[in-house]
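Everything below concerns the one structure shown next.
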């Protein structure tokens, strides 16, 4: 019995090179063919980066560190910087925003409205090394996930989360510490032990 897949492939290294990703094969940059990327030339890629199917990157000033994974169905939106540190990952359908409309009713909303009638707010998002963000979570502008922070599924992050903690809920709050074994494992992996 044969197994067939549809739209299951990643862009070739040649295609990535033509898009401006230098040394894509050497750096092991993988972007799924169904990903939608706006402002492609404003993304900085580290090494060993994988962007899975149906990801939407509609943001500016995006920096992806080394060994970064963005899972299927995720979306990154906004004009303020978004940073993902080394060894960080998102699970499926995570949304990251560095810009947001003003929901107070004092202004109009949506990108078709002239800016003098809106009050869009922009704030950088920082996801430090070794962070993991659970499926269906939302990260709002100005959030800063400390090194090794873990966010449980369907959480809403608005503001800072402490390093090496597991946080859950709406809004996300730390519930317990997270082991730091990943630090030693990363060193061993990079030394190829």
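Each reported figure results from applying straightforward, stated rules to the coordinates on display, with no laboratory input. As the structure is a computational prediction, the values presented were derived from the model and not from experiment. Note that we place each Cβ from the backbone using ideal geometry, even for glycine, and neighbour counts take in every protein chain shown.
Taking the number of other C-beta atoms within 10 Å as the exposure measure, put 23, 86 in order starting with the fewest. Mind dumping the intermediate values first?
Details: 23 13, 86 19.
Fewest-to-most Cβ neighbours within 10 Å comes out as 23, 86.
So what's the range 13-190 giving for Cα Rg divided by 2.2 N^0.38 Å, two decimals?
Values: Rg = 16.6 Å, N = 178, 2.2 N^0.38 = 15.8 Å.
The value comes to 1.05.
Using Cα pairs closer than 8 Å and at least 6 residues apart in sequence, work out the relative contact order for the range 1-87, in percent. Could the numbers behind the result be given before it?
Numbers: 184 pairs, mean separation 19.2, N = 87.
Rounded, it is 22 percent for the range 1-87.
Please give the contour-minus-distance gain from residue 56 to residue 154: 0.36 nm per residue of separation, less the Cα-Cα distance, rounded to one decimal in nm.
Values: separation 98, 0.36 × 98 = 35.28 nm, distance 1.86 nm.
Computed gain between residue 56 and residue 154 is 33.4 nm.
Say we join alpha carbon atoms closer than 10 Å with springs in a Gaussian network model of the chain; which of 148, 169, 65 then has the biggest fluctuation?
Greatest mean-square fluctuation among the candidates belongs to 169.
Before anything else, pin down the relative contact order of the chain: Cα pairs under 8 Å, at least 6 apart, normalised by residue count, whole percent.
Details: 518 pairs, mean separation 21.9, N = 193.
Worked out over the chain, it gives 11 percent.
Give the residues of the range 47-83 whose amide nitrogen is closer than 14 Å to a point set 7 Å from the Cα of residue 189 in the direction of its Cβ.
It comes to 47-50, 65-70, nothing else.
Given the C-alpha centroids of the range 82-107 and the range 24-69, what is the distance between them in whole angstrom?
The two parts, judged by their Cα centres, are 16 Å apart.
With the crude spin-label approximation of a point 7 Å out along Cα→Cβ, what separation in nm comes out for residue 41 versus residue 25?
Here the answer is 2.5 nm between the modelled labels.
Could you sort 66-72, 32-38, 77-83 so that the peptide with the highest average Cβ count within 10 Å comes first and the rest follow in order? The partial results should precede the final answer.
On the way: 66-72: 20.7, 32-38: 15.0, 77-83: 19.1.
Output ranking for 66-72, 32-38, 77-83: 66-72, 77-83, 32-38.
With both partners inside the chain, how many of the DSSP beta bridges are antiparallel, as a percent to the nearest 5?
On the way: 7 of 48 bridges.
Counting DSSP beta bridges with both partners in the chain, the antiparallel share is about 15 percent.
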